[in-house]
Every structure is written in C-alpha cells, then in structure tokens.
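Report on one structure; see the data block that follows.
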Amino acid sequence: MTVSTTTKAATEKSVDHSIRKWFGVIWLLIEVNLIGGTIFGFPALFQILPQYGIYGSENDCSSSLINTTESDDGELSCQGYQTRHYQNALTLGIILFEIPSVIIGPMIDRFGCRFVKLIGIIFHIIGWLALALITSGRDSLLYVHTSFSSLASISVLLTAYTSSGYFSKSRAFVSALFAGACTSATMWYSIFQILIDAQKITLQQLSYIWMSFGVLMLVSSFVFLDWSFPLLNLPYQFNTTLEKKNISQDILTGKSV
C-alpha cells in the first residue's frame, strides 16, 4: 500500500514537473521571439532614425562634407553620413550577438542559466533605455542600443537553448522551436517602422514597451531556469537519461567513454 502511494505521488509529481517544463518552453519561446535576434531586423529603422535627427545635425553633416568628394549635393552626402553610422551600429550589434557565445557558453556551464539571464536583463534594460532616450545630440546612444540589446539577445537565446536539456526525448524539437522564434524576431523593427510611419506610436514609446519585457525575463529566470548556487533551485534538473543510456551502451560494447 505504501509502495503504491509513493509511486502514485512520484507519478503526479513527474506530471507536474512536465507541465511546468512545457509551460516554460512556451514562455521562453515568447521571450526569444520578442528579444532574441532582433538586431538582424535593425535596417528597418534606417528610414525612421533620420526623422529623429540621429546623426543628422548640421555640424555632423558639415564635417562629413569636408572630406567627401562623392557628391556635390549636401543633402545626399548628409544621408550617406547618417547611413554609415546606422550601418556601423548594425555591424557592432551583429558582432556582439555572435562573438560572445564563446564566453556565455562556459558561463552557463559554470554558473547556470539563471545567472547569465540576470546579467542579460541588465543589458536589455540598458540597450532599450538608450533607444528610448536617443535624440539629436545624443546620437551615440544608437551604438549603446545595438551593443547592449545584442548582448541581451544572445543571453536570452543561449539560455533558452540550454533549457532544452530538461527534456530527454524532445530536445531537438524544443531547440528547433527556439531557432524559429529567433528568426522571427527579426520582424519587430519592421513592425516598428510600420507603426511609426502610420503615426500610431513613437519610437520612444516602443522602446519603453520593449524595455518592460525585462519583467518577463526576470520571471522566467526564477521559475523556469536554474543556477549552480544553492538558493531558490528548481525542483527538477537537466534530464540526463539519454546520456546515461549511451554511456551504458558504450560500456556494454566495450567502448571507452
């Protein structure tokens, strides 16, 4: 009777954990879709930023005309000057989205997903606050935005990918979902462009909305992710069933692990 009760309780507990894991997948999918990979859609703002005078002041354009022989048209040269800065900010953002993976990966192994995600929240807030505060005269905040928002994006993406370790049979499926969500995240700047052109909302308001998504990141950090510190840990750990099965098979076949 006791064994039966214990087995039933363990089964119910396992079901509860499974529901929590899959709810976490849905939550993290929303996060990755909103935050991960947005930098690749940044060119959609190239037509919006000039409306806010970003790198379009007379002093900036005048200085750009001194050393240019490409065009005698001052307005065209000023547009080229602006576009170069926008492209440079985009390039910096892409670099900081790709390269830090070699650092973030070992950090996740050492400290856990939650620790990295909490750092990512700080980057996220800084990045989107910079875009909210950007005006003519504070043009360099554009570089701050692309840099820190990219660091936040890659943190969100890699911690989400790592969370697939909570599953044994569905890891590839969960990882594929996150990959698709990251790709679809590139649409948001284009949506910004449409809404701003239609005068439905301002870039500043959109930036504050995106900055508020840090709350989603904070909740998921403690509810669906874990870390290596013995505090507020999840009631379940990474599912290593597949690894144990492979190791057992290797031992039986006499292969070295």
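So which of Phe192, Phe173, Phe178, Phe148 ends up being in a helix (DSSP H, G or I), surrounded by 15 or more Cβ atoms within 10 Å (Cβ to Cβ) and without any contact (Cβ under 8 Å) to a residue 60 or more places away in the chain?
Phe148
If you go through the range 195-219 and keep only what is closer than 12 Å to Trp128 by Cβ, without any contact (Cβ under 8 Å) to a residue 60 or more places away in the chain and surrounded by 14 or more Cβ atoms within 10 Å (Cβ to Cβ), you end up with just Leu206.
Candidates are the residues of the range 40-79 that are modelled with pLDDT of 55 or more and not in a helix (DSSP H, G or I); the one that is nearest to His145 (Cα to Cα) is Ile54. Here Leu206 fulfils each of the conditions (1) within 16 Å of the chain's Cα centre (by Cα); (2) modelled with pLDDT of 95 or more; (3) of a type outside the set (Val, Ile, Thr) apart from (1). Every condition in (1) at pLDDT below 95; (2) over 23 Å from Phe23 (Cβ atoms); (3) of a type in the set (A, V, I, L, M, F, W, C) is met by Ile196 except one, and the failing one is (1).
So, of the residues in the range 211-257 that are among the hydroxyl-bearing types (Ser, Thr, Tyr) and part of a loop (DSSP other than H, G, I, E, B), which turns out to be modelled with the highest pLDDT? Ranking the qualifying residues of the range 211-257, first place goes to Ser212.
Just one of the numbered conditions (1) at pLDDT 95 or above; (2) part of a loop (DSSP other than H, G, I, E, B) is not true of Ser136: (1). The residues on offer are Ser101, Ser153, and the sole one that is of a type in the set (Gly, Ala, Ser) and over 30 Å from Tyr81 (Cβ atoms) is Ser101.
For the range 85-99, the count of residues that are modelled with pLDDT under 95, small (Gly, Ala, Ser) and either under 30 Å from Gln205 (Cα atoms) or in a helix (DSSP H, G or I) (or both) is zero.
With respect to being part of a helix (DSSP H, G or I) and touching a His at 6+ places or on another chain (Cβ under 9 Å), Ser184 falls outside the description.
The values are calculated or read from the model by the stated rules, or taken from the named source; none is laboratory data. Every value quoted in this text rests on a predicted model; they were computed, and no experiment measured them. Using ideal geometry, Cβ is built from the backbone for each residue, glycine included, and neighbour counts are taken over all protein chains shown.
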